[in-house]
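Contents: one structure, followed by commentary.
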Amino acid sequence: MTHQKILSVSTRAKSFTEITAQVQEIVSASNVKTGLCNVFIQHTSASLLITENADPDVRRDLENYFSDLVPESRNYIHDAEGKDDMPAHIR
């Protein structure tokens, strides 16, 4: 048995967006009892991060870490979709 569903997520600029509930809803509606869930992101400057979600400080620490690791203030050449485009590709 195969089940496929497109999940569209609207986001603001640089951010972490929680999609666990939406993915759980799709999996539950599929009626698949045992299987594998693939989440494919169709954008080059988006990424998927899987982590525990028990403590909201984890997300804040990740946001701070990535901001330090990939600053937006560098002189990036690629900016086709705005000043945050290249940092988003790197992240």
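The values are calculated or read from the model by the stated rules, or taken from the named source; none is laboratory data. On a predicted model such as this, the values are computed, not experimentally measured, just so you know. Cβ coordinates were reconstructed from backbone atoms using ideal geometry, including for glycine residues, and neighbour counts include every protein chain displayed. Calculation scope for accessible area: heavy atoms of the full protein, side chains included, ligands and nucleic acids excluded. Shrake-Rupley method; radii C 1.70, N 1.55, O 1.52, S 1.80 Å.
How many residues, within the range 53-91, are charged (D, E, K, R), more than 11 Å from Lys14 (Cα to Cα) and within 14 Å of the chain's Cα centre (by Cα)?
Residues meeting the conditions: 1.
Within the chain, considering only helices (runs of 4 or more DSSP H) that don't extend past its boundaries, which have at least 2 residues that are open to solvent by 100 Å² or more (accessible area, probe 1.4 Å)?
Output list reads 20-30, 56-69.
Give me the pairs, please: first residue somewhere in the range 71-91 and polar (S, T, N, Q), second residue anywhere and exposed (fewer than 15 other Cβ atoms within 10 Å of the Cβ), beta-carbon distance under 6 Å, and either six or more positions apart or on two chains.
Matching pairs, first to second residue: none at all.
Under 9 Å between Cβ atoms, at least 6 apart or on separate chains: pull out the pairs that start in the range 37-56 with a residue that is of a type in the set (Gly, Ala, Ser) and end on any residue that is open to solvent by 80 Å² or more (accessible area, probe 1.4 Å).
From residues that are of a type in the set (Gly, Ala, Ser), the pairs are Ser45/Glu81; Ser45/Ile90; Ala46/Thr11.
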